[in-house]
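Engineer: The following block contains the structure, expressed as structure tokens.
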Amino acid sequence: MRDLIGSHDVCLVTLDTLRFDVADDLAAAGRTPALARVLPGGRWERRHSPASFTYAAHHAFFAGFLPTPAAPGRHERLYAAAFPGSETSGERTWVFDAADLPTALAREGYHTLCLGGVGFFNRRGALGSVLPGLFAEAHWEPEFGVTAPGCLDAQLDRLAETLPRVPVRQPLFTFLNVAALHQPNRHYLPDADADDLASHAAALEYVDSRVGRLFALLTGRGRPVFTIVCSDHGTAYGEDGHTGHRVGHDVVWTVPYAQFTLRPGEW
């Protein structure tokens, strides 16, 4: 990533609460074709999140602690806030002298844009203002949130309004937190009266049907876009008696991850 700073736009998309097993099964079954176009080899990478809920996971992500590859070993990070004694910063790591990625990119001339989804980005109080407060520009509306079936559509409408105001010559960091996978997600299945793995999968299919528009908007500026798409944590639907997240269960800690570069004209 270090060699891309300045020449590429950067995008981080968190598919909030997406489970690895559901994402992997849908990719294998051909049910998420748009995402399959950009996933290396058409499949998600299995990783472990640094936290079990949104607020903690995103603090870690912005400091450079993205989900860790599940295979044993010392894994070099893409980017990292400078920290004495770090053992996972290597020759290819972009190390910055700031506490978080948005601040570091802003110092490199990037415009930093946040499109929040779940409540930790709603700016309705002090807690919900911490993460969006890291960005030069941040947006949240109830239509972006967990109870809105068209949440990603609303976010993309806002992105389409916002992008023309950013000069093409200025690099852009876009952060998008997608709330569709988070409970409640039963509204993605007709007549469903409870959230379950099937409605979780249906929510991902909804997201997949919209990501083409996201990628077209991002590449419409005419710049390559280094992109990370991952989940911040999974969630339980009754496994071992657990429902929800913020617990130390494998379905919560194990998340899908992908990184790739979008090129203008591909979408």
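Engineer: Looking only at segment 178-196, which residues have a backbone nitrogen under 13 Å from a spot 7 Å from the Cα of residue 29 in the C-beta direction?
Structural biologist: From segment 178-196, the list is empty.
Engineer: Counting Lys and Arg as +1 and Asp and Glu as -1, each charge on the Cβ, what is the dipole of segment 2-262 about the Cα centre in debye, to the nearest 20?
Structural biologist: It comes to approximately 800 debye.
Engineer: Along the principal axes of its C-alpha atoms, what lengths does segment 99-192 span, in descending order and rounded to whole Å?
Structural biologist: Projected onto the principal axes, the Cα atoms of segment 99-192 cover 49, 29, 17 Å.
Engineer: Per-residue counts of other Cβ atoms within 10 Å, averaged by peptide: what ranking do you get for 114-120, 96-102, 220-226, highest first?
Structural biologist: Descending packing order for the listed peptides: 114-120, 96-102, 220-226.
Engineer: Now for a different question. Which whole-number percentage describes the relative contact order of the chain, with Cα contacts under 8 Å and a sequence gap of 6 or more?
Structural biologist: That works out to 31 percent.
Engineer: Take the solvent-accessible surface of the protein heavy atoms, probe 1.4 Å, and return the percent of it on the chain that carbon and sulfur atoms account for.
Structural biologist: Summing carbon and sulfur atoms, their accessible area is 51 percent of the total for the chain.
Engineer: Explain nothing, just compute: Karplus ³J(HN,Hα) = 6.51 cos²θ - 1.76 cosθ + 1.60, θ = phi - 60°, for every residue of segment 210-215 in order, whole Hz, x for Gly and Pro.
Structural biologist: Per residue, the Karplus-derived 3J(HN,Hα) values read 10, 5, x, 5, 4, 5 Hz.
Engineer: Pull out the extension gain between residue 21 and residue 161, defined as 0.36 nm times the separation in residues minus the alpha carbon to alpha carbon distance; nm, one decimal.
Structural biologist: Difference between extended and current length: 46.9 nm.
Engineer: Taking only protein heavy atoms and a 1.4 Å probe, what accessible area per residue, in Å², does the chain have with all protein chains in place?
Structural biologist: Accessible area per residue: 42 Å².
The values are calculated or read from the model by the stated rules, or taken from the named source; none is laboratory data. Only a predicted model underlies this, so the values are computations on that prediction, with no experimental measurement involved. Neighbour counts are summed over all protein chains in view; Cβ atoms, including those assigned to glycine, are modelled from backbone coordinates with ideal geometry. These accessible areas exclude ligands, DNA and RNA; they are computed on the full protein's heavy atoms, side chains included. Shrake-Rupley method; radii C 1.70, N 1.55, O 1.52, S 1.80 Å.
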